[in-house]
Each structure stands twice: as C-alpha cells, then as structure tokens.
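Taking it in order: structure first as structure tokens, then the write-up.
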Ligand code: S3P
C-alpha cells in the first residue's frame, strides 16, 4: 500500500481518524508533530524559543525524512504544513493526500479551551482561526487527491468513507 496522508485544519481530527484508518488498514501511523517533538522538543516551546519559521523548516524536514523511510503508513501532518512552499509537491511524492474538511463552526467547537496550539493562543483566537481557515482552505483543496467532510460524522464513518474513496480512486471511478 502506498502511504496515505491526512491534511486539514487544526482540530479537524487528523490524528484520531489517522489512527483509526491505520488500524483498519493494518498500516503504521505517524504524525509530523510527534516526529518533531521526538527529535526537537515540544511544538509550543519551539514556537516560543525559535519562532514559527524554524518550526516550518522542521515540518519540511519531517516530510523529507518520511519520503526516505515510510511505506504502508498513514501520515497525519500539522495544519500549517501544506502552506509552506514546496510541501504540497513533497506530500504528493509521499503518497495519496486526503483533506479532512471541517466548517468554522465545527473547528471552534472542537478547539475551544485548547492550550496546545500556539497559533490559537490567547484573546481573539476565533477571528484568527477564521482568517487562517479562509486563507488555507484553497491550499488544502488544491493539494488533495480526495476531500472528505468531517462535520457531524463519527470517526468510524469517516474512516469507512476514506477507504471507499480510495478504492474508487484505484478503480479510476
Ligand atoms: C499548526 C497545527 C498544529 C501544529 C502547530 C501549528 C498550524 O498541528 O503543527 O501548532 O499551523 O495549523 P495540528 O494541525 O495537528 O493541530
């Protein structure tokens, strides 16, 4: 099986859907944020001490490392990773890209009270989320082979839908 990559905004469920998809397909699961934390420390601290631009370099490094080492993996990538120039091409080289789309309403509901994501920390986070979502949505769409909407769906249903869409893609439907 070629790798399957999950993209989408923070809070869209890439990690939970990714784990479910990997276990259903008998594939390994890996996450760029986890890879970065293993090698460089907490995402929050990297943003604070070294800045966002440095974190973006680490994301690209993670993807390049996955291209060299991963096969039969489900890979969840950080919400901002597809935005960095050149990463969309790297993701397509890595495997089939599945974009998990979610509405602003769903994301606000899921991210309320979150303290782990530096870009949404503090006052005015809902407006920042809205601006980022508007900017990123066309980028996610352009970079995906498959788009699946996640609003009001169970993880198991999203997993089934992705598998069905992958099978259709394989058959050339
Ligand atoms: C980010 C998303 C986060 C993490 C970092 C920046 C973003 O990952 O990489 O906080 O720019 O959207 P998740 O999408 O897994 O939350």
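The values are calculated or read from the model by the stated rules, or taken from the named source; none is laboratory data. Values in this document were obtained by computation on a predicted structure and should not be read as measured data. For neighbour counting, all protein chains shown are included, and Cβ atoms are generated from backbone atoms with ideal geometry for every residue, glycine included.
One table, with the values for the structure above:
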read-out	value
Qualifying position, being modelled with pLDDT of 95 or more and either more than 20 Å from residue 155 (Cβ to Cβ) or away from the ligand (no atom under 12 Å from the Cβ) (or both), among 18, 79, 41	41
Strands (runs of 3 or more DSSP E) contained in the stretch 1-98 and holding at least 3 residues crowded, with 22+ Cβ neighbours inside 10 Å	3-7, 73-76
Breaking point among (1) at pLDDT 95 or above; (2) out of contact with any helix residue (DSSP H, G or I) (no Cβ under 7 Å at 6 or more places or on another chain), for residue 113	(1)
Residues (at pLDDT 95 or above and more than 17 Å from residue 83 (Cα to Cα)) located in the stretch 1-15	3, 4, 13, 15
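Here is a yes/no grid of residues against (1) modelled with pLDDT under 95; (2) outside any helix (DSSP H, G or I); (3) touching a helix residue (DSSP H, G or I) at 6+ places or on another chain (Cβ under 6 Å):
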| site | (1), (2), (3) |
| --- | --- |
| 123 | yes, yes, no |
| 152 | no, yes, no |
| 158 | no, no, yes |
| 173 | yes, yes, no |
